[in-house]
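What follows is one structure encoded as C-alpha cells, with my remarks underneath.
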Amino acid sequence: MNSFTLDGAAIPFAPGQTVLQAALAAGRYIPHLCYHPEFKPHGSCKLCTVKADGHSIAACTLPARAGLTVESHTEEMDALRRTLVQMLFAEGNHFCPSCEKSGNCLLQALGYDLGVMTAGFRHLFPDRQVDASHPDIWIDFNRCILCEPCVRASCEIDAKCVFALSGRGIDKHLVVNSESGRLADTNIALTDKAVTVCPVGAILAKRVGFAVPIGKRRFDASPISAQALADAPRPLMPAQPCASCEDGK
Amino acid sequence: MTKLRVATTSLAGCFGCHASLLDIDERLFDLLQQVEFDRSPLTDIKHCGPCDIGLIEGGICNAENVEVLREFRRNCKLLVAFGACAVTGGLPAQRNHLDLDACLTEVYLTEPGLAHGGIPNDPELPLPLDKVHPLHEVVKVDYFLPGCPPSGDAIWQFLTDLIAGRTPRLGHGLIRYD
C-alpha cells in the first residue's frame with residue numbers, strides 16, 4: 001500500500017483519500033473543525049493546515065500522495081491553529097458557562113487541546129438573534145462559526161437545503177431557507193442529519209439541555225486529540241430509513 | 001525565602017473565582033508558606049502596593065473597575081486575568097449587544113413587576129461603561145486562567161507553576177471555559 005509520512009510516521013492511504021482522511025483512519029490526529037467524516041471535504045476552517053513538502057495547505061482537501069512529507073504537530077502549525085480558534089471565539093458570542101453544548105463542542109475541545117487560554121483579540125460582541133420558532137429545534141446564531149456541516153447535511157443527505165450562508169466577509173451569516181427566514185417555516189425535522197452535525201451549540205434539539213451533566217460529556221473523558229478514530233472516514237449514513245428498501249437500510 | 005506578594009480583587013465578577021481559590025482547601029497552608037497577600041478580600045487591605053502577582057477576577061463594567069485595574073497593573077509584576085469574566089467579559093458582557101440606556105430604563109423604569117424606583121444616580125456610584133470589557137482590552141495582561149470558575153485544582157496548578165517560575169500549563173481536565 002502507498003504511504004506518506006506524517007510527523008515522521010508512515011501513513012498508508014487508499015486511492016482517493018485525503019491526507020486528513022488517511023491520517024484519521026490510521027488513528028493519527030490532525031486538528032480539524034469543518035471536516036466531517038461523512039461529507040465531501042470543504043477546506044474552509046483551515047484548522048487542519050499542515051506543512052506538506054514545505055507548503056502550508058489544508059490537510060482535508062489535500063489528496064494523499066506517495067512519498068509526501070507532512071508536518072502537523074509542530075509549534076508553528078499549532079500556533080496558527082490557536083490563532084484561528086481565538087478568532088472564532090472573538091468573532092461570535094461564545095459564552096461557554098451557559099451553553100448546553102459545553103463538553104461536546106468541537107471548537108471548545110480544540111481550544112482546550114491547543115492550550116488556548118484567551119481569545120486574545122478584541123471581542124466583537126455581535127448582535128445576533130436566537131430562532132426558537134420551531135417546536136423541536138432551535139438555533140442560536142451567536143454561536144455559529146459558519147463551518148457549514150449543517151448546509152452540506154441538509155442538501156447532500158436530508159435533501160432539504162434548509163440552510164445556506166449569505167453575505168461576504170465579516171457580514172457572512174447563516175440563513176434559513178424559508179420565506180420568513182424562520183426555522184418553523186421550513187420542513188426540517190428532528191431526525192434530519194443537519195440537526196445532529198453542528199460542531200458547536202448553534203443548532204440544538206429542544207428539551208435536551210443538561211440531561212447529560214457537565215463532567216460526563218464527550219471531551220470530559222478524553223481530549224479531542226485522543227479521539228481521532230471517531231472521525232475516521234465512513235460512508236454516508238441516511239438520516240432516515242430508506243423507504244425503497246424493505247429492511248430500511 | 002522571601003515570600004511573593006500577591007494581590008487579588010473582584011471587579012465585574014461574582015466572587016466565584018475567589019470562592020474557588022478557597023477550594024484549594026488545605027493547600028492554602030502550603031500557599032501561605034510561599035506567598036503573602038496584599039490587597040485582597042482575604043485581607044481587607046484597601047489599596048494594592050507593590051506586588052509580584054495580581055489576580056483579577058471579573059471584567060470591566062464601570063469607571064471604578066478601570067481605576068482598580070490600572071492600580072493593579074501599576075503595582076503588579078505579573079497580572080493574571082483570573083476566570084471567565086476577566087478573560088472574556090463573561091456573564092456581565094452578555095449586555096454588550098444591548099443599549100445601556102435602554103437596559104437601565106427597562107430594569108428601573110418600565111419592566112412590569114419591578115419596583116420602578118428610578119435609575120440610581122447617587123454620586124458615589126461608579127458610572128457604568130457602555131460595554132463590558134475583558135481585562136486585556138484595557139491593560140496588558142500577562143497570563144489568562146479561564147473557567148467559570150477555574151477549579152481549585154486548576155488554580156493550584158496555575159499558581160504553583162507561576163510561583164516556581166514556570167509558564168503555567170493546565171492540560172486536559174484543568175483548562176475549561178465553562
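The values are calculated or read from the model by the stated rules, or taken from the named source; none is laboratory data. Here the structure is a predicted model, which means the values were calculated and not measured. Every residue, glycine as well, gets a Cβ built from its backbone with ideal geometry; the counts of neighbours run over all protein chains shown.
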Selected residue (criterion: farthest from the other protein chains (Cβ to nearest Cβ)) from residues of the stretch A:135-163 that are over 15 Å from A:PRO199 (Cα atoms) and surrounded by fewer than 21 Cβ atoms within 10 Å (Cβ to Cβ): A:ALA159
Residue check for A:SER44: over 30 Å from B:ALA154 (Cβ atoms), touching a residue at least 60 places away in the same chain (Cβ under 8 Å) and not hydrophobic (A, V, I, L, M, F, W, C): yes
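Please work out if B:ASP38 is modelled with pLDDT of 95 or more, over 14 Å from the mean Cα position of the chain (by Cα) and closer than 16 Å to B:TYR143 by Cβ.
On the way: modelled with pLDDT of 95 or more: yes; over 14 Å from the mean Cα position of the chain (by Cα): yes; closer than 16 Å to B:TYR143 by Cβ: no.
The answer is no for B:ASP38.
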Selected residue (only one of A:ALA90, A:ALA132, A:ALA109 is at pLDDT 95 or above, within 13 Å of chain B (Cβ to nearest Cβ) and closer than 29 Å to A:ASP192 by Cα): A:ALA109
Restricting the stretch A:164-186 to residues that are of a type outside the set (A, V, I, L, M) and out of contact with any Ser or Thr (no Cβ under 9 Å at 6 or more places or on another chain), the residue that is surrounded by the most Cβ atoms within 10 Å (Cβ to Cβ): A:GLY181
Residue that is surrounded by the most Cβ atoms within 10 Å (Cβ to Cβ) [pool: residues in the stretch B:90-102 that are more than 9 Å from every other protein chain (Cβ to nearest Cβ) and free of Cβ contacts under 8 Å to residues at least 40 places away in the same chain]: B:ARG95
Selection status of A:CYS60, in contact with a Leu (Cβ under 9 Å, 6 or more places away or on another chain), among the hydrophobic types (A, V, I, L, M, F, W, C) and farther than 16 Å from A:ALA226 by Cα: yes
Residue match in the stretch B:103-116 (condition: in contact with a helix residue (DSSP H, G or I) (Cβ under 8 Å, 6 or more places away or on another chain), assigned to a loop (DSSP other than H, G, I, E, B) and surrounded by 18 or more Cβ atoms within 10 Å (Cβ to Cβ)): no
Top-ranked residue in the stretch B:150-167 [being crowded, with 19+ Cβ neighbours inside 10 Å and over 15 Å from the mean Cα position of the chain (by Cα); ranked as farthest from the other protein chains (Cβ to nearest Cβ)]: B:TRP156
Count of the stretch A:201-216 residues which are within 12 Å of chain B (Cβ to nearest Cβ) and within 17 Å of the chain's Cα centre (by Cα): 1
Filtered residue count, the stretch A:77-112, keeping only those that are of a type outside the set (A, V, I, L, M, F, W, C), surrounded by fewer than 22 Cβ atoms within 10 Å (Cβ to Cβ) and in a helix (DSSP H, G or I): 7
The stretch B:117-129, subset surrounded by fewer than 13 Cβ atoms within 10 Å (Cβ to Cβ) and closer than 30 Å to A:ARG122 by Cβ, residue farthest from the chain's Cα centre (by Cα): B:ILE119
Residue that is within 14 Å of B:LEU21 (Cβ to Cβ) and within 11 Å of chain A (Cβ to nearest Cβ), where the choices are B:GLY171, B:GLY147: B:GLY147
Strands (runs of 3 or more DSSP E) wholly inside the stretch A:115-206 that include at least 2 residues being under 29 Å from B:VAL87 (Cβ atoms): A:137-140, A:173-176, A:203-205
Residues within the stretch A:209-235 that are assigned to a loop (DSSP other than H, G, I, E, B) and either under 21 Å from A:ILE157 (Cβ atoms) or not hydrophobic (A, V, I, L, M, F, W, C) (or both), tallied: 11
Conditions (1) more than 11 Å from chain A (Cβ to nearest Cβ); (2) hydrophobic (A, V, I, L, M, F, W, C); (3) buried (at least 18 other Cβ atoms within 10 Å of the Cβ); (4) touching a Pro at 6+ places or on another chain (Cβ under 8 Å); number of the one not met by B:VAL87: (1)
